[in-house]
1. Which residues, taken from region 63-73, are exposed (fewer than 11 other Cβ atoms within 10 Å of the Cβ) and either touching a Leu at 6+ places or on another chain (Cβ under 6 Å) or part of a loop (DSSP other than H, G, I, E, B) (or both)?
2. Mind listing just one residue for me: the one in region 18-51 that is aromatic (Phe, Trp, Tyr) and more than 13 Å from the chain's Cα centre (by Cα) and, of those, farthest from Lys8 (Cα to Cα)?
3. Can you name every residue in region 12-40 that is among the hydroxyl-bearing types (Ser, Thr, Tyr) and part of a helix (DSSP H, G or I)?
4. Scan region 1-41 for residues that are out of contact with any helix residue (DSSP H, G or I) (no Cβ under 8 Å at 6 or more places or on another chain), aliphatic (A, V, I, L, M) and loosely packed, with under 12 Cβ neighbours inside 10 Å and jot them down.
5. Would you check which residues across region 38-50 are modelled with pLDDT of 75 or more and within 21 Å of Met3 (Cβ to Cβ) and list them?
6. Of all residues in region 51-60, which are at pLDDT 85 or above and surrounded by 11 or more Cβ atoms within 10 Å (Cβ to Cβ)?
7. Looking at region 48-62 only, could you name the residues that are in a loop (DSSP other than H, G, I, E, B) and of a type outside the set (Lys, Arg)?
8. So Ile54 fits all but one of (1) free of Cβ contacts under 8 Å to residues at least 40 places away in the same chain; (2) within 17 Å of the chain's Cα centre (by Cα); what number is the exception?
Amino acid sequence: MVMVPAFKKSPNATLSEERKYFNTKLAKVWIKSEHCIGLVKARFQLVRELRWAISSKRDLAVLLQMIMCAHLI
């Protein structure tokens, strides 16, 4: 998993138009992913109380299996 940070403005400086554009696009993706997480939590109560850091592909696979099992119930 790769984290892509937004560009930060230095004190006494402004961001270039390219960097502002990048930050805007990044923010839109971030908001959509947050909305998706909210929808999953609303649909599956199991996930709402889950506090689990996904630090590997295996962690993600286990979480997805749990959601699929809850969906079948």
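The values are calculated or read from the model by the stated rules, or taken from the named source; none is laboratory data. Model, not experiment: these values are computed from the prediction. Counting neighbours? That spans all protein chains shown, and the Cβs are built from the backbone with ideal geometry, glycine included.
1. Of everything in region 63-73, just one residue is exposed (fewer than 11 other Cβ atoms within 10 Å of the Cβ) and either touching a Leu at 6+ places or on another chain (Cβ under 6 Å) or part of a loop (DSSP other than H, G, I, E, B) (or both), namely Ile73.
2. First, pick out the residues of region 18-51 that are aromatic (Phe, Trp, Tyr): 21-22, 30, 44.
Now restrict to residues that are more than 13 Å from the chain's Cα centre (by Cα): 21-22, 44.
Numbers: Tyr21: 13, Phe22: 11, Phe44: 36 Å.
Restricting to residues being aromatic (Phe, Trp, Tyr) and more than 13 Å from the chain's Cα centre (by Cα), the top hit is Phe44.
3. Tyr21, Thr24, Ser33, listed by residue number.
4. Met1, Val2, Met3, Ala13, Ala27, Val29, Ile31, Ile37, Leu39
5. The answer is Gly38, Val40.
6. If the condition is that a residue be at pLDDT 85 or above and surrounded by 11 or more Cβ atoms within 10 Å (Cβ to Cβ), then Asp59, Leu60 are the ones that fit.
7. Glu49, Leu50, Trp52, Ala53, Ile54, Ser55, Ser56
8. (1)
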